[in-house]
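Here's the structure, in structure tokens; my notes come after.
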Amino acid sequence: MRISASAPGKLILMGEHAVVYGEPGLVLPLRQLRAVVTLTAAPQPRLEAPDLNLFTDLSTGIAAMGPDVSTQSLHPLEVTLLKAQHHLHTHHNLPQQLPNLCFHIRSDIPVKRGMGSGTAISCACIRALAAYYHCRLNVAEVEAFAQAMDQIYHGRPSGIDAAVIAHERALRFQRDPKGAPVVRFLDVPHLALLIGDTGPAAPTADVVAHVARRHARDPRIAEVIQRMGALVRSAEQALRNQQWQVLGQLLFENHQCLQALEVSTPTLDHLITQAEALGVAGAKLSGAGQGGICFALFDAENPNVDAQVKALRQAWKPVCTQLYDFSAALSDAD
Ligand code: PMV
């Protein structure tokens, strides 16, 4: 027996942080980078995550099973598996205890970069476990589970990560005045992107809390957030009309707003300035910030685009721990 399930990474195109305050955000799945959970028979429940050098017996965690699974003493991956089992037990009348399986977890999505690695693991874990029981889960259920897991580890997430990763589709995300997610799928054509990784970011909950403190004290922060909402609305139109230069300018402006929120870093700012100097259509940080990734958008119709991609790769390479070149591959449409 061998059962596998996976989920993609994600890239927030625009609107991070502002989505927490009810503004819209635009986000893409990164299908090329995936978290994969593989289940095989084992004498007792066992977790293997070789990338993290984590090999544990899950029977100890089982003792703590239930709605109050201790998140203090267990590794987040153990908690995710136990919570997934608990969800299936509560909502689908399946056994309470994890079955005798080896849960092998690996991921191409780098951790703590704003690319959705934890959320993708949550989606892949519950899908794999449900597949083992031949239990059909709808996407909304996977999304709700991933959001509940993000609530444990990211404070008060807006839900944008859970939505894009569970649906695996480009989408516009916004919370209604009561906080409920409103999702609209987007038809995103080929986007030529280069992603630069500057290393681990600060925990999302801390960065979101930093913005919240400033928002409570300084009325100008609310204005910046409103401005970000307006930029996202313009970006939607530019995306629909495939106006890459227009979209790119909006990305640069969005980055300035993120600087005003104090979620950028000198390294991220340096990378964005380099992209601007090379005449790239647009660039900004992505995710909660204070580290993590930024990306550049190229105008694929520009005759110099190949030279531009090459020049930016060269400029970013010495600064970045990793580059992901999606300038030729498709980010959304396959
Ligand atoms: O998890 P990250 O780093 O991609 O941040 C998510 C985006 C935020 O807007 C900063 C937080 C949220 O929950 O929307």
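Quick note: the coordinates plus some simple rules give every number you see, no bench work behind them. Just so it is clear, the structure is predicted and the values come from calculations on it, not from any experiment. Here the Cβ positions follow ideal geometry from the backbone for every residue, glycine too, while neighbour counts run over all protein chains shown.
If you take the C-alpha gyration tensor of the stretch 1-139, multiply each eigenvalue by 5 and take the square root, what semi-axes do you get, largest first, in whole Å? If you can, show how the numbers build up before the last one.
Values: eigenvalues 144, 55, 47 Å².
Whole-Å semi-axes of the equivalent ellipsoid: 27, 17, 15.
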Item checked: Karplus-derived 3J(HN,Hα), 6.51/-1.76/1.60, for each residue of the stretch 15-29, Hz, glycine and proline x -> x, 4, 6, 5, 4, 5, 9, x, 7, x, x, 10, 9, 10, x
Note to self: Residue by residue through the stretch 218-227, what is 3J(HN,Hα) from phi via Karplus (6.51 cos²θ - 1.76 cosθ + 1.60, θ = phi - 60°)? Round to whole Hz and write x for glycine and proline.
What the structure shows: 10, x, 5, 5, 4, 5, 4, 5, 4, 4
Notebook entry, point to check: Which value, in nm² and rounded to one decimal, describes the direction-averaged projected area of the C-alpha convex hull of the chain?
Noted result: 16.9 nm²
Notebook entry, point to check: Taking the Cα atoms of the stretch 207-334, what is the range of coordinates along each of the three principal axes, in descending order and whole Å?
Noted result: 47, 35, 28
Checklist line | Unit Cα scatterers, Debye sum, the stretch 257-310: log10 I(q)/I(0) for q = 0.13, 0.18 Å⁻¹ | finding: -0.33, -0.58
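Sort the following peptides by mean Cβ neighbour count (other Cβ atoms within 10 Å, averaged over residues), highest first: 111-122, 76-87, 216-227. Intermediate values should be presented prior to the final figure.
Numbers: 111-122: 25.7, 76-87: 22.9, 216-227: 13.9.
Put in order of decreasing packing, that is 111-122, 76-87, 216-227.
Among 268-279, 162-173, 38-49, 286-297, how do they line up by average Cβ neighbours within 10 Å per residue, starting with the highest? All intermediate terms of the calculation are to be shown ahead of the outcome.
Numbers: 268-279: 19.1, 162-173: 23.8, 38-49: 16.4, 286-297: 26.1.
Final packing ranking: 286-297, 162-173, 268-279, 38-49.
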Notebook entry, point to check: What's the extension gain from ASP187 to ALA205 if we count 0.36 nm per residue and subtract their Cα-Cα distance?
Noted result: 3.4 nm
Item checked: Whichever lysines have a C-alpha closer than 22 Å to that of LYS317, once near sequence neighbours (fewer than 8 apart) are set aside -> LYS10, LYS112, LYS284
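Classify the stretch 174-241 as rounded, prolate or oblate, taking a ≥ b ≥ c as the square roots of the eigenvalues of its Cα gyration tensor: rounded when a/c is under 1.5, otherwise prolate if a/b is larger than b/c and oblate if not.
Values: a/c = 1.87, a/b = 1.29, b/c = 1.45.
Verdict is oblate for the stretch 174-241.
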Next item on the list: Kindly put ILE195, ILE160 in sequence by how many other C-beta atoms sit within 10 Å of each C-beta, fewest to most.
Entry: ILE195, ILE160
Next item on the list: For LYS83, list the aspartates and glutamates whose Cα falls under 15 Å from its own Cα; do not include residues on the same chain fewer than 8 positions away.
Entry: ASP68, GLU141, GLU143, ASP150
Next item on the list: Can you spot the aspartates and glutamates whose alpha carbon is less than 14 Å from LYS178's alpha carbon? Ignore those fewer than 8 places along the same chain.
Entry: GLU23
Next item on the list: Tally the DSSP beta bridges in the chain and give the antiparallel ones as a percent, rounded to 5.
Entry: 95 percent
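Based on the Cβ-Cβ distance of PHE55 and ALA131, what FRET efficiency does E = 1/(1 + (r/R0)^6) give at R0 = 25 Å, to the nearest 0.05? Please report the intermediate quantities before stating the final value.
Details: r = 23 Å, r/R0 = 0.92.
Calculated value: 0.60.
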Note to self: Pick from ILE152, ILE12, ILE109 the residue whose mean-square fluctuation is largest in a GNM of the chain, springs joining Cα atoms under 10 Å.
What the structure shows: ILE152
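Tell me, what is the FRET efficiency for GLN97 and GLN245 to the nearest 0.05, using R0 = 45 angstrom and their Cβ-Cβ distance as r? Please report the intermediate quantities before stating the final value.
Details: r = 57 Å, r/R0 = 1.26.
Taking R0 as 45 Å, the efficiency between GLN97 and GLN245 is 0.20.
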